[in-house]
Amino acid sequence: MSKSKPGVLIVTWNFPPRTGGIENLLAGLRRGLQKDRRVLVLAAQAAGGGNEEWLLRPKRPGLAAFFLFAFCRGLAALWKNPDLEIILGGSALVAPLVLALAKLSGRKSAVLVHGLDLLYPRRIYQTLFVRWLKHCDRIVANSGYTSSLAGRRGVRKEAIAVIPPGVEAGSIPPGRAEDLKAELGLGGRKVLLSVGRLARRKGLKEFLQNSFPAVAAALPEAVFLIVGGNPAESLVHREDVRGELEGLVERMRLEDRVRFLGPIDDAALARVYRAADLMVLPALSLKDDVEGFGMVVIEAALAGVPAVATRSGGIPDAIEDGKSGVLVPPGDYPALTGAIVRMLR
(Lines give C-alpha, C1' and ligand atoms only; values in the text may rest on other atoms or scores of the structure.)
Protein backbone atom coordinates (compact mmCIF):
# COMPACT_ATOMS: atom_id res chain seq x y z
CA MET A 1 0.00 0.00 0.00
CA SER A 2 1.38 3.37 -1.02
CA LYS A 3 1.74 5.98 1.71
CA SER A 4 2.39 8.84 -0.70
CA LYS A 5 -1.07 10.33 -0.20
CA PRO A 6 -1.99 12.15 3.00
CA GLY A 7 -3.32 9.88 5.72
CA VAL A 8 -6.75 10.46 7.27
CA LEU A 9 -7.92 10.36 10.87
CA ILE A 10 -11.69 9.71 10.86
CA VAL A 11 -13.57 10.78 13.99
CA THR A 12 -17.16 9.60 14.05
CA TRP A 13 -20.01 8.76 16.40
CA ASN A 14 -21.66 6.74 13.59
CA PHE A 15 -19.85 3.57 12.54
CA PRO A 16 -20.72 -0.14 12.14
CA PRO A 17 -21.87 -2.36 13.73
CA ARG A 18 -24.34 0.44 14.35
CA THR A 19 -26.74 0.52 11.42
CA GLY A 20 -27.85 3.37 9.20
CA GLY A 21 -26.96 5.39 6.14
CA ILE A 22 -24.20 7.43 7.80
CA GLU A 23 -22.67 4.27 9.26
CA ASN A 24 -22.63 2.56 5.84
CA LEU A 25 -21.21 5.69 4.22
CA LEU A 26 -18.35 5.96 6.73
CA ALA A 27 -17.53 2.26 6.43
CA GLY A 28 -17.41 2.47 2.64
CA LEU A 29 -15.37 5.66 2.75
CA ARG A 30 -12.83 4.03 5.04
CA ARG A 31 -12.50 1.04 2.71
CA GLY A 32 -11.94 3.30 -0.27
CA LEU A 33 -9.43 5.58 1.41
CA GLN A 34 -7.32 2.81 2.90
CA LYS A 35 -6.45 1.46 -0.55
CA ASP A 36 -3.71 4.04 -0.98
CA ARG A 37 -3.17 5.75 2.37
CA ARG A 38 -3.15 5.25 6.12
CA VAL A 39 -6.59 5.54 7.71
CA LEU A 40 -7.29 5.48 11.45
CA VAL A 41 -10.86 5.55 12.78
CA LEU A 42 -11.92 6.76 16.24
CA ALA A 43 -15.52 5.64 16.79
CA ALA A 44 -18.02 5.46 19.64
CA GLN A 45 -18.57 2.30 21.61
CA ALA A 46 -21.14 -0.02 20.03
CA ALA A 47 -22.59 -3.39 20.99
CA GLY A 48 -20.64 -6.05 19.11
CA GLY A 49 -17.98 -3.60 17.96
CA GLY A 50 -14.40 -4.14 19.00
CA ASN A 51 -11.04 -2.50 18.43
CA GLU A 52 -8.79 -3.31 15.47
CA GLU A 53 -5.46 -2.00 14.27
CA TRP A 54 -7.22 0.74 12.29
CA LEU A 55 -10.26 1.18 14.60
CA LEU A 56 -10.24 2.40 18.20
CA ARG A 57 -13.24 2.73 20.54
CA PRO A 58 -13.61 3.87 24.17
CA LYS A 59 -14.35 1.31 26.87
CA ARG A 60 -17.34 3.26 28.14
CA PRO A 61 -20.54 4.23 26.31
CA GLY A 62 -21.94 7.73 26.00
CA LEU A 63 -21.13 10.96 24.23
CA ALA A 64 -18.90 12.42 26.97
CA ALA A 65 -16.77 9.26 27.12
CA PHE A 66 -16.44 9.24 23.33
CA PHE A 67 -15.38 12.90 23.14
CA LEU A 68 -12.77 12.52 25.90
CA PHE A 69 -11.42 9.32 24.36
CA ALA A 70 -11.33 10.68 20.81
CA PHE A 71 -9.59 13.88 21.90
CA CYS A 72 -6.86 12.12 23.88
CA ARG A 73 -6.30 9.22 21.49
CA GLY A 74 -6.59 11.54 18.52
CA LEU A 75 -3.82 13.82 19.76
CA ALA A 76 -1.61 10.81 20.52
CA ALA A 77 -2.22 9.32 17.07
CA LEU A 78 -1.47 12.62 15.33
CA TRP A 79 1.76 13.01 17.29
CA LYS A 80 2.91 9.46 16.44
CA ASN A 81 1.78 9.51 12.80
CA PRO A 82 2.82 12.67 10.96
CA ASP A 83 1.36 11.22 7.74
CA LEU A 84 -2.16 11.67 9.18
CA GLU A 85 -2.58 15.09 7.60
CA ILE A 86 -6.38 15.32 7.41
CA ILE A 87 -8.91 15.00 10.24
CA LEU A 88 -12.33 14.01 8.90
CA GLY A 89 -15.47 14.23 11.04
CA GLY A 90 -18.36 11.87 10.34
CA SER A 91 -21.08 14.47 11.06
CA ALA A 92 -21.65 17.93 12.48
CA LEU A 93 -21.81 16.38 15.94
CA VAL A 94 -18.01 16.02 16.04
CA ALA A 95 -17.17 19.41 14.48
CA PRO A 96 -15.70 20.94 17.68
CA LEU A 97 -13.62 17.83 18.29
CA VAL A 98 -12.27 17.80 14.72
CA LEU A 99 -11.50 21.51 14.85
CA ALA A 100 -9.72 21.28 18.21
CA LEU A 101 -7.55 18.38 17.04
CA ALA A 102 -6.73 20.20 13.81
CA LYS A 103 -5.79 23.46 15.51
CA LEU A 104 -3.63 21.76 18.16
CA SER A 105 -1.80 19.56 15.62
CA GLY A 106 -1.58 21.90 12.64
CA ARG A 107 -3.64 19.54 10.44
CA LYS A 108 -6.48 20.20 7.97
CA SER A 109 -10.08 19.77 9.16
CA ALA A 110 -13.04 18.44 7.18
CA VAL A 111 -16.54 17.37 8.26
CA LEU A 112 -19.25 15.43 6.43
CA VAL A 113 -22.77 16.84 6.87
CA HIS A 114 -25.97 14.98 6.08
CA GLY A 115 -29.03 17.14 6.78
CA LEU A 116 -30.54 16.39 10.18
CA ASP A 117 -27.17 16.95 11.86
CA LEU A 118 -27.43 20.57 10.67
CA LEU A 119 -31.16 21.00 11.19
CA TYR A 120 -31.67 19.60 14.70
CA PRO A 121 -33.26 22.59 16.44
CA ARG A 122 -32.06 22.38 20.06
CA ARG A 123 -30.20 25.61 20.82
CA ILE A 124 -27.60 23.86 22.97
CA TYR A 125 -26.83 21.46 20.08
CA GLN A 126 -26.50 24.30 17.59
CA THR A 127 -24.27 26.22 20.01
CA LEU A 128 -22.01 23.36 21.11
CA PHE A 129 -21.62 21.56 17.80
CA VAL A 130 -22.96 23.11 14.59
CA ARG A 131 -21.53 26.60 15.10
CA TRP A 132 -17.96 25.30 14.75
CA LEU A 133 -18.46 24.09 11.20
CA LYS A 134 -17.81 27.56 9.78
CA HIS A 135 -14.26 27.41 11.14
CA CYS A 136 -13.34 24.11 9.45
CA ASP A 137 -11.26 23.98 6.28
CA ARG A 138 -13.80 21.95 4.30
CA ILE A 139 -17.41 20.88 4.69
CA VAL A 140 -18.63 18.01 2.50
CA ALA A 141 -22.43 18.00 1.97
CA ASN A 142 -24.33 15.00 0.64
CA SER A 143 -26.73 17.09 -1.49
CA GLY A 144 -27.43 20.58 -2.75
CA TYR A 145 -30.11 20.92 -0.09
CA THR A 146 -27.70 20.00 2.70
CA SER A 147 -25.19 22.46 1.24
CA SER A 148 -27.80 25.23 1.52
CA LEU A 149 -28.37 24.31 5.18
CA ALA A 150 -24.63 24.62 5.84
CA GLY A 151 -24.56 28.01 4.12
CA ARG A 152 -27.40 29.24 6.33
CA ARG A 153 -25.31 28.30 9.33
CA GLY A 154 -22.41 30.51 8.31
CA VAL A 155 -20.23 28.11 6.36
CA ARG A 156 -18.43 29.89 3.52
CA LYS A 157 -19.61 28.87 0.07
CA GLU A 158 -16.05 28.22 -1.08
CA ALA A 159 -15.51 25.83 1.85
CA ILE A 160 -18.45 23.57 0.87
CA ALA A 161 -18.14 20.64 -1.53
CA VAL A 162 -21.24 18.69 -2.58
CA ILE A 163 -20.42 14.99 -3.02
CA PRO A 164 -23.45 12.67 -3.15
CA PRO A 165 -22.79 9.27 -1.57
CA GLY A 166 -22.47 6.22 -3.78
CA VAL A 167 -22.87 2.46 -3.52
CA GLU A 168 -20.45 -0.37 -4.18
CA ALA A 169 -21.21 -2.13 -7.46
CA GLY A 170 -20.75 -5.66 -6.11
CA SER A 171 -23.20 -5.28 -3.23
CA ILE A 172 -26.26 -6.63 -5.08
CA PRO A 173 -26.13 -10.36 -5.95
CA PRO A 174 -27.29 -11.74 -9.29
CA GLY A 175 -30.60 -13.58 -9.50
CA ARG A 176 -34.03 -13.41 -11.07
CA ALA A 177 -36.54 -11.30 -9.18
CA GLU A 178 -39.29 -13.93 -9.47
CA ASP A 179 -37.03 -16.62 -8.02
CA LEU A 180 -36.18 -14.41 -5.05
CA LYS A 181 -39.86 -13.52 -4.59
CA ALA A 182 -40.68 -17.22 -4.43
CA GLU A 183 -38.00 -17.73 -1.76
CA LEU A 184 -39.62 -14.97 0.28
CA GLY A 185 -43.09 -16.45 -0.17
CA LEU A 186 -44.10 -13.60 -2.47
CA GLY A 187 -44.48 -15.42 -5.77
CA GLY A 188 -46.79 -13.56 -8.13
CA ARG A 189 -46.93 -10.47 -5.90
CA LYS A 190 -46.07 -6.86 -6.74
CA VAL A 191 -43.50 -5.89 -4.11
CA LEU A 192 -43.41 -2.32 -2.82
CA LEU A 193 -40.42 -1.68 -0.55
CA SER A 194 -39.35 0.77 2.15
CA VAL A 195 -35.88 0.61 3.72
CA GLY A 196 -34.43 2.66 6.57
CA ARG A 197 -34.60 3.45 10.24
CA LEU A 198 -38.18 4.15 11.22
CA ALA A 199 -38.00 7.89 11.87
CA ARG A 200 -41.14 10.02 11.56
CA ARG A 201 -39.67 11.98 8.66
CA LYS A 202 -39.89 8.84 6.51
CA GLY A 203 -43.66 9.44 6.33
CA LEU A 204 -44.68 5.78 6.54
CA LYS A 205 -47.59 6.37 8.91
CA GLU A 206 -49.10 8.99 6.63
CA PHE A 207 -48.44 6.79 3.59
CA LEU A 208 -50.26 3.85 5.17
CA GLN A 209 -53.18 6.07 6.11
CA ASN A 210 -53.53 8.12 2.94
CA SER A 211 -52.07 6.19 0.02
CA PHE A 212 -51.48 2.48 0.50
CA PRO A 213 -55.18 1.50 0.86
CA ALA A 214 -55.82 2.94 -2.60
CA VAL A 215 -52.75 1.12 -3.96
CA ALA A 216 -54.00 -2.15 -2.44
CA ALA A 217 -57.48 -1.62 -3.88
CA ALA A 218 -56.12 -0.97 -7.37
CA LEU A 219 -53.58 -3.81 -7.22
CA PRO A 220 -54.81 -6.79 -5.14
CA GLU A 221 -51.44 -8.52 -5.68
CA ALA A 222 -49.45 -5.63 -4.10
CA VAL A 223 -47.57 -6.22 -0.86
CA PHE A 224 -45.60 -3.65 1.13
CA LEU A 225 -42.33 -4.73 2.77
CA ILE A 226 -40.89 -2.49 5.50
CA VAL A 227 -37.22 -3.06 6.34
CA GLY A 228 -35.76 -1.35 9.40
CA GLY A 229 -36.38 -0.83 13.08
CA ASN A 230 -36.65 1.94 15.61
CA PRO A 231 -33.45 4.03 15.77
CA ALA A 232 -32.51 2.77 19.23
CA GLU A 233 -28.94 4.14 19.12
CA SER A 234 -29.87 7.54 17.71
CA LEU A 235 -29.12 10.62 19.79
CA VAL A 236 -32.21 12.31 18.28
CA HIS A 237 -34.95 9.80 17.51
CA ARG A 238 -36.39 7.83 20.44
CA GLU A 239 -39.99 7.16 19.38
CA ASP A 240 -41.50 3.68 19.01
CA VAL A 241 -42.45 4.26 15.38
CA ARG A 242 -42.56 0.55 14.59
CA GLY A 243 -45.09 -0.04 17.36
CA GLU A 244 -47.26 2.76 15.99
CA LEU A 245 -47.06 1.38 12.46
CA GLU A 246 -47.89 -2.16 13.56
CA GLY A 247 -50.89 -0.90 15.51
CA LEU A 248 -52.05 1.12 12.51
CA VAL A 249 -51.73 -1.87 10.15
CA GLU A 250 -53.76 -3.99 12.57
CA ARG A 251 -56.52 -1.39 12.89
CA MET A 252 -56.66 -0.98 9.12
CA ARG A 253 -56.72 -4.79 8.67
CA LEU A 254 -53.75 -4.73 6.33
CA GLU A 255 -51.80 -7.54 8.01
CA ASP A 256 -51.84 -9.65 4.84
CA ARG A 257 -50.62 -6.72 2.73
CA VAL A 258 -47.90 -5.18 4.94
CA ARG A 259 -44.92 -7.10 6.31
CA PHE A 260 -42.38 -5.83 8.83
CA LEU A 261 -38.99 -7.46 8.22
CA GLY A 262 -37.17 -5.48 10.92
CA PRO A 263 -33.43 -4.77 10.72
CA ILE A 264 -31.71 -7.29 8.43
CA ASP A 265 -28.09 -7.83 7.43
CA ASP A 266 -26.58 -6.62 4.17
CA ALA A 267 -26.84 -9.98 2.42
CA ALA A 268 -30.54 -10.33 3.22
CA LEU A 269 -31.19 -6.71 2.27
CA ALA A 270 -29.52 -7.21 -1.11
CA ARG A 271 -31.88 -10.10 -1.84
CA VAL A 272 -34.90 -8.06 -0.80
CA TYR A 273 -33.82 -5.25 -3.12
CA ARG A 274 -33.53 -7.72 -5.99
CA ALA A 275 -37.02 -9.10 -5.27
CA ALA A 276 -38.67 -5.66 -5.13
CA ASP A 277 -40.61 -4.03 -7.96
CA LEU A 278 -40.63 -0.49 -6.61
CA MET A 279 -39.02 1.51 -3.80
CA VAL A 280 -41.15 4.11 -2.00
CA LEU A 281 -39.78 7.01 0.06
CA PRO A 282 -42.77 9.19 1.07
CA ALA A 283 -40.66 11.55 3.19
CA LEU A 284 -42.28 14.49 4.95
CA SER A 285 -41.08 18.09 4.94
CA LEU A 286 -40.63 18.73 8.66
CA LYS A 287 -39.20 21.88 10.19
CA ASP A 288 -36.84 20.00 12.50
CA ASP A 289 -36.01 16.86 10.49
CA VAL A 290 -35.10 16.13 6.88
CA GLU A 291 -34.09 13.42 4.45
CA GLY A 292 -30.69 14.80 3.48
CA PHE A 293 -30.17 12.64 0.41
CA GLY A 294 -32.09 9.34 0.09
CA MET A 295 -29.36 6.71 0.01
CA VAL A 296 -31.85 3.84 -0.16
CA VAL A 297 -33.09 4.87 -3.60
CA ILE A 298 -29.51 4.68 -4.92
CA GLU A 299 -29.15 1.19 -3.43
CA ALA A 300 -32.46 0.18 -5.01
CA ALA A 301 -31.38 1.59 -8.37
CA LEU A 302 -28.26 -0.59 -8.27
CA ALA A 303 -30.65 -3.57 -8.13
CA GLY A 304 -32.62 -2.19 -11.07
CA VAL A 305 -35.49 -1.01 -8.88
CA PRO A 306 -36.98 2.45 -9.57
CA ALA A 307 -38.37 4.67 -6.82
CA VAL A 308 -41.35 6.87 -6.14
CA ALA A 309 -40.49 9.55 -3.59
CA THR A 310 -41.42 13.01 -2.43
CA ARG A 311 -39.54 16.09 -3.58
CA SER A 312 -38.27 16.72 -0.06
CA GLY A 313 -34.86 17.74 1.29
CA GLY A 314 -32.03 16.23 -0.73
CA ILE A 315 -34.06 13.42 -2.33
CA PRO A 316 -34.13 15.16 -5.76
CA ASP A 317 -30.33 14.73 -5.85
CA ALA A 318 -30.83 10.95 -5.63
CA ILE A 319 -33.57 10.52 -8.28
CA GLU A 320 -33.58 11.62 -11.89
CA ASP A 321 -37.28 12.32 -12.24
CA GLY A 322 -38.81 10.32 -15.06
CA LYS A 323 -35.72 8.12 -15.54
CA SER A 324 -34.64 6.44 -12.29
CA GLY A 325 -37.93 7.18 -10.56
CA VAL A 326 -40.75 9.64 -10.03
CA LEU A 327 -40.87 12.63 -7.68
CA VAL A 328 -44.12 14.02 -6.28
CA PRO A 329 -44.81 16.95 -3.92
CA PRO A 330 -44.70 16.11 -0.19
CA GLY A 331 -48.20 15.50 1.13
CA ASP A 332 -49.76 14.98 -2.32
CA TYR A 333 -51.07 11.48 -1.66
CA PRO A 334 -53.25 11.22 -4.80
CA ALA A 335 -50.14 11.94 -6.90
CA LEU A 336 -48.10 9.48 -4.83
CA THR A 337 -50.78 6.78 -5.22
CA GLY A 338 -51.11 7.39 -8.94
CA ALA A 339 -47.37 7.17 -9.55
CA ILE A 340 -47.06 3.92 -7.57
CA VAL A 341 -49.98 2.26 -9.31
CA ARG A 342 -48.74 3.29 -12.76
CA MET A 343 -45.24 1.98 -12.12
CA LEU A 344 -46.36 -1.29 -10.50
CA ARG A 345 -48.61 -1.94 -13.51
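The values are calculated or read from the model by the stated rules, or taken from the named source; none is laboratory data. Predicted, not measured: the structure shown is a model, and the values here were computed from it. Please note that ligands, DNA and RNA were not included when accessible areas were found on the heavy atoms of the full protein model with its side chains. Shrake-Rupley method; radii C 1.70, N 1.55, O 1.52, S 1.80 Å.
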Query raised in the report: Tell me, what is the 1.4 Å probe accessible area of Asp36, in Å² to the nearest 10?
Result: 40
Query - Exposure of His135 as accessible area (Å², to 10), given a probe of 1.4 Å and all protein chains - result: 90
Report summary line: Gyration tensor (Cα only) of the chain to equivalent ellipsoid, semi-axes in Å sorted down, yields 37, 21, 18
Query raised in the report: With no solvent and one point on each alpha carbon, what is the Debye value of log10 I(q)/I(0) for the stretch 61-137 at q = 0.17, 0.18, 0.21 Å⁻¹?
Result: -0.64, -0.71, -0.93
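Roughly how compact is the stretch 178-292, stated as its Cα Rg over 2.2 N^0.38 Å to two decimals? Don't skip to the answer; put the middle values down first.
Working: Rg = 14.1 Å, N = 115, 2.2 N^0.38 = 13.4 Å.
Expressed relative to 2.2 N^0.38 Å, the Cα Rg reads 1.06.
Scale the Cα Rg of the stretch 99-171 by the rule-of-thumb value 2.2 N^0.38 Å and send over the ratio, two decimals.
Working: Rg = 13.3 Å, N = 73, 2.2 N^0.38 = 11.2 Å.
Dividing the Cα radius of gyration by 2.2 N^0.38 Å gives 1.18.
May I ask which of Lys59/Lys287; Lys134/Lys205; Lys190/Lys323; Lys157/Lys287; Lys35/Lys181 have a Cα-Cα span longer than 26 Å here?
Flagged as over cut-off: Lys59/Lys287; Lys134/Lys205; Lys35/Lys181.
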Query - Rg over Rh, two decimals, the stretch 1-151 (C-alpha only, Kirkwood Rh) - result: 0.94
Query raised in the report: If you plug each phi of the stretch 144-150 into the Karplus form 6.51 cos²θ - 1.76 cosθ + 1.60 with θ = phi - 60°, what whole-Hz ³J(HN,Hα) values come out, in order, with x for Gly and Pro?
Result: x, 5, 5, 4, 5, 5, 5
Report task. At q = 0.15, 0.20, 0.26 Å⁻¹, what is the base-10 log of I(q)/I(0) for the stretch 280-345 according to the Debye formula with one equal point scatterer per Cα and no solvent? Please give it to two decimals. Result -> -0.41, -0.72, -1.15
Query raised in the report: Per the 1.4 Å probe, what fraction of the accessible area of the stretch 1-132, in percent, lies on carbon and sulfur atoms?
Result: 58
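What order do Trp54, Trp79, Trp13, Trp132 take when sorted by accessible area (1.4 Å probe), most exposed first?
Numbers: Trp54 55, Trp79 210, Trp13 20, Trp132 80 Å².
Result, largest first: Trp79, Trp132, Trp54, Trp13.
Could you tell me what a quarter of the Cα convex hull surface of the stretch 48-88 works out to, in nm² with one decimal place? The partial results should precede the final answer.
Working: hull surface 13.6 nm².
Reported value for the Cα convex hull: 3.4 nm².
How large is the helix-only mean residue ellipticity at 222 nm for the chain, computed as the sum of -39500 (n - 2.57) over DSSP H runs with n ≥ 4, divided by its residue count, in deg cm²/dmol to the nearest 500? Kindly include the intermediate steps, with their values, before the conclusion.
Details: 13 runs with 123 residues, N = 345.
It comes out at -10500 deg cm²/dmol, rounded to the nearest 500.
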Query raised in the report: Accessible area per residue, 1.4 Å probe, Å², for the chain: what's the number?
Result: 46
**Report entry** Calculated P(r) tail over 22 Å for the stretch 231-345, as whole % of Cα pairs
**Finding:** 42
Query - In Hz, Karplus ³J(HN,Hα) per residue of the stretch 298-310 (6.51, -1.76, 1.60; θ = phi - 60°; x = Gly, Pro) - result: 6, 4, 4, 4, 4, 8, x, 9, x, 10, 10, 8, 8
